[in-house]
Amino acid sequence: MEITLFKKPAAFLLFILLTTSVVAQQDPMYSMYMFNPVSINPAYTGSTEQMQIVGVFRKQWLSIPGTPQTSTLTFHSPLKNEKMGLGFSFINDRLGEMQTTGFQGTYAYKLKLKKTTFSFGLQVGIRNFNVNLTNVQFAQAGDPNPVDVAFSNNSSAWSFNYGAGIFWYGKKWFASFSIPHFINNVLNDQQVLNPTDFARLRTHYNLYGGYVFKLNDDFKIKPSLMIKNVTGAPIQFDINSNVYWRDTYGLGLSYRTNSAVVVLAEAKVNKNFRVGYAFDLNTNGLSRNAGSSHELMIRYDFQTSKNKEFTERDF
């Protein structure tokens, strides 16, 4: 029998994920979360003072077939009293023959203080974790091998979860903390390899903050820091800096520890429409073979009132 069991590198990665108790970043990863903070914290819902819809598509590690691909659509809006916000999001995340589809609703309540605003948010949702194990192809078809039992059936399961977050901000600064889901769901419906801990969702923690410096009438700079942690895995830091010119164009640079360097670009097409792009260059052990990652963001802000002046923020 050939030493290589799988025809596709992503199939081998899928096998590793399924045959071990993996503890790693399980939620979809974004490089442009700073342009769509609802994706990491429900407390941001409705804080932009107008309805907003954001679409994000991410393709990771282009040189390896079947590697992560994420599509997200987010909608959120303040209610008429502006103390509350409601939102909805759809997420589709695929890795080889493994796919996660999720739907969730978000709610936020804003408490306006003297010079700052404090927002508390909740989110509830369902997700489907599906693995088409029978589609995995082996390099030597027909040979008996130790992983046949793992790939003899498909697995699909729905699960419910909930999360929470807080968002505190002033005119130039912001601080955010969120736990996207509290329940450590078992994602499979068939106890194939590890009956006690098979494809289990882990609790994630996101701490995010930044400050906007006005350099002159044309330029602003926004440094920010994201700290991400998932139970049992090393803490990850995202160190970011974005420069804005006349509130129309933005360029940014991020460093994700033990992962990637990211170049970001954003453009305001008109008062309602924005587009963004991120290019990730791996700095870890995958850098020589995995290739780069790419992310595209489209955002539209709805003008809900002709008579109201909206306060435009850089976060």
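The values are calculated or read from the model by the stated rules, or taken from the named source; none is laboratory data. The shown structure was predicted, so the numbers you read here are calculated from the model rather than taken from an experiment. A quick note on method: Cβ atoms are made from the backbone with ideal geometry, for glycine too, and the neighbour counts reach across all protein chains shown.
Structural remarks
- Cβ-Cβ under 8 Å pairs, at least 6 apart or on other chains, segment 225-248 side under 17 Å from Thr203 (Cβ atoms), far side in a strand (DSSP E or B) and of a type in the set (Lys, Arg): Ile235/Lys228; Gln236/Lys228; Gln236/Arg256
- If only residues of segment 75-129 that are basic (Lys, Arg) and crowded, with 16+ Cβ neighbours inside 10 Å are counted, the one that is farthest from the chain's Cα centre (by Cα) is Lys110.
- Tyr30 being closer than 25 Å to Phe120 by Cβ, of a type in the set (Phe, Trp, Tyr) and modelled with pLDDT under 95: yes
- Subset tally (residues that are of a type in the set (S, T, N, Q), modelled with pLDDT under 70 and surrounded by 12 or more Cβ atoms within 10 Å (Cβ to Cβ)) for segment 270-315: 2
- Among residues of segment 212-228 being over 18 Å from Tyr169 (Cα atoms) and among the charged types (D, E, K, R), the one that is surrounded by the most Cβ atoms within 10 Å (Cβ to Cβ) is Lys228.
- The set of residues in segment 229-256 being surrounded by 15 or more Cβ atoms within 10 Å (Cβ to Cβ) and not in a strand (DSSP E or B) consists of Ala233 alone.
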